[in-house]
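Coordinate-derived values only; no laboratory data. All values reported here derive from a predicted model rather than from experimental measurement. Positions of Cβ are backbone-derived with ideal geometry, glycine not excepted, and every protein chain shown enters the neighbour counts.
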Amino acid sequence: MKALSVCCLGLILVLWTASAVPLRAAEKPAKRIPVIFDTDIGDDIDDTWALVMLLKSPRLDVKLITTTCHSSAGRGKLVAKLLTVAGRTDIPIGLGPGAEGKTRQDDWTEGFSMDEYAGKVFADGAQAIIDTIRTGKRPITVVAVGPLQTLSAALGKDPTIAAKASFVGMHGSVYRGYGGSPEVSAEYNVRRDAPAARRVLSAPWRKITITPLDTCGLVHLEGQRFAALKKSDDPMVRALLENYAIWADKKGRVAELTGSSTLFDTVGIYLAYPGPKRLAALEALTITVTDDGYTRIDPAGTKMSVATSWTNLDGYRDLLVRVLTSPTTPKQPAE
Ligand SMILES: [Ca+2]
């Protein structure tokens, strides 16, 4: 009887293993979402945080990074040096209109020339956006975290790109303003060029998702979470904190940093992740951009998914630290 039981158990095990193996073999790695990142990096430091988060998000496949809001020489150099440190010079850079102007992180790129960038650099960033969306095998997600001049120029040249891409933006203020204020604000990325914001936020994208100040304006890292970053010896985290220390007028002294500024743009990266966004509450709203840079709920506006509150803000802060301290995603083979 005992021998029979052992035999039965053995048979069950063999059958279970036999059925499990083909299942595992059939599992394919989850598809990555192709992304264009459009940034005014070099003004507020949160773009640099968002770029590092993007490069460490294995489900996002970065096809192009473009600069927006002038100063494209300085912003482009910053992107180029960060991608060089990341070992991701396979990612092309597209420069937005207007080369002149300083960035607050110029000290970090001093001595680095755009010619040193091993990857492709497109002088016409708007055209690069059009070409990347047109030639993509799968629909692209455009993640925009600055004023929208470059993307507006792309839509002006070729309005048909919207139907082939989704849009995720850090834009606007719906129920709350800066610092969680109950008064709405004319949020900077919209107010800085309201006509450009209106064109982009009313275009017929496959899907529009935004994080207004209501959610992104509440994100900081302090205490243990910030300490975990200071302890990290990851080269991208080091580069991020060096940039932050220059930006924060600490003359590059990372040891003097005690917490982050508001990390608005990182939430744009999170909203581009595949699957449900369990940490934030998204509402379907119709939004209009006013001439003075407000994003108002208006029945005649454009339908979009708006992250209007957090369901778990601490969970997001933990996710952010986890992603930032994880390895940089290597270049993936073409699908
Ligand atoms: Ca920004």
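State the volume of the convex hull built on the alpha-carbon positions of the stretch 169-292, expressed per residue in Å³ and rounded to an integer.
Here the figure is 147 Å³ per residue.
Go ahead and run the numbers for FRET between residue 255 and residue 178, Cβ-Cβ distance against an R0 of 25 Å, rounding to 0.05.
On the way: r = 29 Å, r/R0 = 1.17.
Approximately 0.30, to the nearest 0.05.
Show me the ranking of peptides 102-112, 75-85 by mean Cβ neighbours inside 10 Å, starting with the highest. Numbers along the way, then the final one.
Working: 102-112: 15.9, 75-85: 23.6.
Order by mean packing, descending: 75-85, 102-112.
Is the C-alpha gyration tensor of the stretch 70-213 telling us rounded, prolate or oblate? Criteria: a/c under 1.5 is rounded; beyond that, a/b larger than b/c is prolate, otherwise oblate.
Details: a/c = 1.97, a/b = 1.25, b/c = 1.58.
It is oblate, given that a/c is not under 1.5 and a/b is not larger than b/c.
Where does the stretch 33-324 land on Rg/Rh, using Cα atoms and the Kirkwood Rh? Walk me through the numbers before you get to the answer.
Numbers: Rg = 17.6 Å, Rh = 18.8 Å.
Answer for the stretch 33-324: 0.94.
Counting other beta carbons within 10 Å of each residue's own, what order do 49, 205 fall into, fewest first?
Details: 49 27, 205 23.
Starting with the residue having the fewest Cβ neighbours, the order is 205, 49.
By counting other Cβ atoms within 10 Å of each Cβ, how are 220, 171, 70 ranked from fewest to most? Before the final figure, lay out each step's value.
Values: 220 14, 171 31, 70 18.
Starting with the residue having the fewest Cβ neighbours, the order is 220, 70, 171.
Does the stretch 256-322 come out rounded, prolate or oblate, given a ≥ b ≥ c as the square roots of the eigenvalues of its C-alpha gyration tensor, rounded meaning a/c under 1.5 and, failing that, prolate meaning a/b above b/c? Let's see the in-between values first.
Numbers: a/c = 2.93, a/b = 1.62, b/c = 1.81.
Oblate shape, in that a/c is at least 1.5 and b/c is the bigger or equal ratio.
Is it possible to state the helix-based mean residue ellipticity at 222 nm for the chain, with each DSSP H run of 4+ residues giving -39500 (n - 2.57), the sum divided by total residues, to the nearest 500 deg cm²/dmol? What is it?
Numbers: 13 runs with 131 residues, N = 335.
The per-residue figure over the chain is -11500 deg cm²/dmol.
Taking the Cα centroid of the stretch 259-335 and of the stretch 181-251, what is the distance between the two, rounded to the nearest whole Å?
If you average the Cα positions of each part, the centres end up 10 Å apart.
In whole percent, what relative contact order does the stretch 33-324 give with Cα contacts below 8 Å and a gap of six or more residues?
Values: 684 pairs, mean separation 58.4, N = 292.
That works out to 20 percent.
Using the per-residue mean of other Cβ atoms lying within 10 Å as a proxy for protection, in what order, highest first, do the peptides 54-63, 158-167 fall? All intermediate terms of the calculation are to be shown ahead of the outcome.
Working: 54-63: 20.6, 158-167: 17.4.
The peptides rank, most packed first, as 54-63, 158-167.
Mind checking the full-extension length gain between residue 160 and residue 326? Use 0.36 nm per residue of separation minus the Cα-Cα distance, one decimal, nm.
Numbers: separation 166, 0.36 × 166 = 59.76 nm, distance 3.72 nm.
Roughly 56.0 nm would be gained on extension.
Kindly point out which whole DSSP H helices in the chain project their C-alpha atoms 27 angstrom or further along the helix axis while averaging a Kyte-Doolittle hydropathy of -0.5 or above. Can you show the working numbers first?
Values: long enough: 2-26 (37 Å, 1.61).
Both cut-offs are met by 2-26.
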